[in-house]
Amino acid sequence: MGKVVRHATNYDMHGHTMSDGLLKEGIVETPTECDRMINLLHAADPDIRMWHADTRAKVMSNKCLVNSWGRQLLFEDGRFTDETFRQAYAFIPQSEVPGVINQYGLVPLDRQIITQGWKTVIHLQGHDSLLMSCPPHEVWPVMDFLKQSLERPRTIGREPLIIPCEFKIGQSWANGTEFK
């Protein structure tokens, strides 16, 4: 529930939308209760509202947002609705992750597979994950390589941040043991 409330708060979701989303997961919370949880998190973390205000100001003055990889989201039609700003709040965090996965994970791992002569096969890049098949003796070297490569600082805004790397190991995509 904490992850859902954090997501709702970060992206300026309202109680009705959060309640609908939870219902799809089989969780019943009223829109009023969802609004209460969102407001509690805003009170505990006022920086979120400051970030929203800063993002709105950038969108209105520049009609554009640019992530740390140089990817742009344009707001050229000049209509600034609540939905426009929710799209803006989501852009930076949601567009940073694939850049990290591709530039710090997929590309270096592909090179490492070639230079080390590994038999590991990369099957899928899925926004915030990589799916691969590894012979048992390559699992730990691949995990160690990816952890070192992915968990490096990336400056977003004014702060250097590190996104923690997690692994799931198993004999199928659906089943496995998670390492956090």
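The values are calculated or read from the model by the stated rules, or taken from the named source; none is laboratory data. As the structure is a prediction and not an experimental result, all values here were calculated from the model. Reconstructed Cβ throughout: ideal geometry from the backbone, glycine too, with neighbour counts over all protein chains shown. Note: areas computed on protein heavy atoms with side chains; ligands, DNA, RNA excluded. Shrake-Rupley method; radii C 1.70, N 1.55, O 1.52, S 1.80 Å.
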Selection within segment 103-125 - within 13 Å of E138 (Cβ to Cβ) and surrounded by 11 or more Cβ atoms within 10 Å (Cβ to Cβ): L109, Q112, I113, Q116, W118, K119, T120, V121, I122
For Q112: the one exception among (1) in contact with a helix residue (DSSP H, G or I) (Cβ under 8 Å, 6 or more places away or on another chain); (2) under 30 Å from W51 (Cα atoms): (2)
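Being in contact with a strand residue (DSSP E or B) (Cβ under 8 Å, 6 or more places away or on another chain), within 27 Å of H7 (Cα to Cα) and not acidic (D, E) is true for just one of S133, S68. Which residue is that?
S68 is the lone residue from the list that is in contact with a strand residue (DSSP E or B) (Cβ under 8 Å, 6 or more places away or on another chain), within 27 Å of H7 (Cα to Cα) and not acidic (D, E).
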Close pairs (8 angstrom Cβ cut-off, 6 or more residues apart or separate chains): over 18 Å from K3 (Cβ atoms) in segment 18-32, open to solvent by less than 100 Å² (accessible area, probe 1.4 Å) and among the hydroxyl-bearing types (S, T, Y) anywhere: T30/S19; P31/S19
From the options Q94, Q87, residue that is part of a helix (DSSP H, G or I), under 19 Å from L150 (Cβ atoms) and open to solvent by 50 Å² or more (accessible area, probe 1.4 Å): Q94
Verdict on W69 being touching a Ser or Thr at 6+ places or on another chain (Cβ under 9 Å) and either charged (D, E, K, R) or modelled with pLDDT under 95 (or both): yes
Residue among I101, I122, I169 that is more than 30 Å from T55 (Cα to Cα) and in contact with a Leu (Cβ under 7 Å, 6 or more places away or on another chain): I122
Of all residues in segment 150-180 being open to solvent by less than 80 Å² (accessible area, probe 1.4 Å) and in contact with a Gly (Cβ under 6 Å, 6 or more places away or on another chain), the one that is modelled with the highest pLDDT: L150
For L74: the one exception among (1) out of contact with any Leu (no Cβ under 9 Å at 6 or more places or on another chain); (2) open to solvent by 30 Å² or more (accessible area, probe 1.4 Å): (1)
